[in-house]
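Notes follow the structure.
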Amino acid sequence: MKKRITHSVKLTCQTLEVDGKRVAMAVEGESFLTSLYHAASIEYPKFFKMDLLSKVGFIASEYLLNAEGKERFQPADDRAILLFNRNSSWNADTTFQQTIDNPEEFYPSPAVFVYTLPNIVTGEIAIRNKYHGESDFILLPEMSEAAMDQAIDRAFLDPATTSVLAGWVEAISEDDFEAFLTITEGY
């Protein structure tokens, strides 16, 4: 099967590019993500409860899917979601650890614990967009286009898959995050 990238998004703590064109915003860090949320007129209140990794992946996917221009929120079995990073859910893991560090104030937070699973971001994207295809979050020792491309090729082995939302989503801190997402279509 042949494939082609139809749209792309690059998001860092300072910039957003959609299909190679910079989207101008005046703020940085997590408030940058919130500004992007409001600028896109997104209505998804769960965003404000998400961990940083989920927010980064979610915002990047929103701009990516808006660039696609297709009707959104129609159930689809033919789109896979494959995300990658090297640090898993490190930011949420350290936040959760803080809730259990002090034995005198020991209170493991279920609201934080759920985000110690990096695949939650793929789930949020799938739920929001009603995608029922393959969904996976893969850890790599480093960002590798070759490894990501192999995973995308494997997703297309399923005859039901016609497109893949894929890319690198890393969130270390509010000042250190990035997402590089694409939509790849098979033909």
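Nothing in this text is a laboratory measurement; each read-out follows from the coordinates by a stated rule. It should be emphasised that the depicted structure is a prediction, and the values quoted were computed from it without experimental measurement. All Cβ positions, glycine included, derive from the backbone under ideal geometry; neighbour counts span all protein chains shown.
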Next on the checklist: Kindly evaluate Phe32 against the criterion of being without any contact (Cβ under 8 Å) to a residue 60 or more places away in the chain, loosely packed, with under 12 Cβ neighbours inside 10 Å and aromatic (Phe, Trp, Tyr).
Outcome noted: no
Item to check | Restricting the range 64-83 to residues that are in contact with a helix residue (DSSP H, G or I) (Cβ under 8 Å, 6 or more places away or on another chain) and surrounded by fewer than 23 Cβ atoms within 10 Å (Cβ to Cβ), the residue that is nearest to Leu140 (Cα to Cα) | outcome: Leu82
Checklist entry - Name the residues in the range 49-88 that are farther than 27 Å from Phe156 by Cβ and in contact with a Ser or Thr (Cβ under 8 Å, 6 or more places away or on another chain), would you? => result Asp51, Leu52
Checklist entry - Quick one: Arg22 ticks every box in (1) out of contact with any helix residue (DSSP H, G or I) (no Cβ under 6 Å at 6 or more places or on another chain); (2) over 19 Å from Phe180 (Cβ atoms) bar one, so which box is it? => result (2)
Checklist entry - From the residues in the range 154-180 that are over 25 Å from Asn91 (Cα atoms) and touching a residue at least 12 places away in the same chain (Cβ under 8 Å), which one is surrounded by the fewest Cβ atoms within 10 Å (Cβ to Cβ)? => result Ala160
Next on the checklist: Return the residues of the range 125-174 that are charged (D, E, K, R) and part of a strand (DSSP E or B); say none if nothing qualifies.
Outcome noted: Asp136, Glu170
